[in-house]
Amino acid sequence: MAKLAVNVDHVATVREARKVNEPDPVTAAALAELAGAEGIVVHLREDRRHIKERDVYILRQTVKTSLNLEMAAAEEIIKIALDVKPDISTLVPEKRQELTTEGGLDVASQQERIAEVVKRLQEGGIKVSLFIDPEPAQIEAAKAVGAEMIELHTGRYCDAIGEEQALELKRLLEAVKYAHDMGLMVKAGHGLNYVNIEPLARVKEIFEFSIGHSIVARAVLVGFERAVREMVELLRLYEKG
Ligand code: PXP
């Protein structure tokens, strides 16, 4: 069975909507691990829109499975990664205006620069994963720059519908096989939910899924009733004096 790594960025997104200290992504990470997650993922963006340095440093001390730090190949963030020493650093492209990571990292067009960053992180004791589109040229480049693993961007498959989705799935599965045969460990993520995970969950060559939004979205809904009930109960209790 593939491992589930839970991305808790959006717990921090809710916290940052009020700039307070709850909900805490550190607590969510602990609950995710108690529920069976085998990895915790956070993206320390350059604009710190959700995850903060404080979260990453505390998670380094509390995560018992595997901590995966998503990051841009930017000097400031590389220095933090080398200090925090997550188990895995996933290099992703980052644009300030985007709502979420939009495309895969273009490793093919900047091999020299990425190879240098991969080497620095590995020398710091961190395994490196590259978040790339399911394209042969990107997979070959990821292998060439020395990454141990790749995370294939599943966004196009998740966003597509009907026949187009079948085509995107085919492309993804071919990429999984190509990368796996090349000796790369293959992960997948972005846009995966409780419906579109099915065909991918059957693929033995994928060793881990990285999922965030759909889990946080479901948590809000499945937890809503209980949260309201608990407040009503408190009102009832305090009214009695
Ligand atoms: N993998 C990477 C590299 C990502 O950037 C993200 C989004 O933060 C995810 C996985 C998780 O995507 P989603 O939140 O859509 O499940």
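The values are calculated or read from the model by the stated rules, or taken from the named source; none is laboratory data. A quick note: this is a predicted structure, and the numbers were derived from the prediction, not measured. FYI the Cβ positions are ideal-geometry reconstructions off the backbone, even for glycines, and counts take in every protein chain you see.
Things to note:
- Of the residues examined, I139 is one that is in contact with a Phe, Trp or Tyr (Cβ under 9 Å, 6 or more places away or on another chain), more than 27 Å from R18 (Cα to Cα) and crowded, with 18+ Cβ neighbours inside 10 Å.
- Boolean, E22 is assigned to a strand (DSSP E or B), at pLDDT 95 or above and of a type in the set (D, E): no
- Number of residues in the range 46-78 that are under 14 Å from the mean Cα position of the chain (by Cα) and at pLDDT below 95: the value is 0.
- Residue check, H153 closer than 26 Å to H10 by Cβ, in contact with a helix residue (DSSP H, G or I) (Cβ under 6 Å, 6 or more places away or on another chain) and in contact (Cβ under 8 Å) with a residue 40 or more places away in the chain: no
- The residues of the range 185-210 that are surrounded by 13 or more Cβ atoms within 10 Å (Cβ to Cβ) and of a type in the set (K, R) amount to a single one, K187.
- If you go through the range 142-168 and keep only what is away from the ligand (no atom under 13 Å from the Cβ), crowded, with 19+ Cβ neighbours inside 10 Å and of a type outside the set (D, E, K, R), you end up with A142, V145, A147.
- Residue satisfying condition, being under 23 Å from I40 (Cα atoms), hydrophobic (A, V, I, L, M, F, W, C) and at pLDDT 95 or above, within set V107, V128, V145: V128
- Of all residues in the range 17-61 being farther than 10 Å from V6 by Cα and of a type in the set (V, I, T), the one that is surrounded by the fewest Cβ atoms within 10 Å (Cβ to Cβ): V20
- The single condition among (1) modelled with pLDDT of 95 or more; (2) over 16 Å from I132 (Cα atoms) that K187 does not meet is (2).
- Checked against (1) farther than 24 Å from K79 by Cα; (2) part of a helix (DSSP H, G or I), E116 passes all but a single condition, namely (1).
- Hey, A30 small (G, A, S), closer than 30 Å to E112 by Cβ and at pLDDT 95 or above or not: no
- Residues of the range 193-223 classified as of a type outside the set (G, A, S) and near the ligand (Cβ under 9 Å from one of its atoms), total: 6
- Inside the range 172-184, residues that are buried (at least 16 other Cβ atoms within 10 Å of the Cβ) and more than 18 Å from V128 (Cα to Cα) make up a count of 4.
- Count of residues meeting criterion [among the small types (G, A, S) and not in a helix (DSSP H, G or I)] in the range 126-154: 3
- Candidates A188, A166: the one that is of a type in the set (G, A, S) and within 21 Å of V42 (Cβ to Cβ) is A188.
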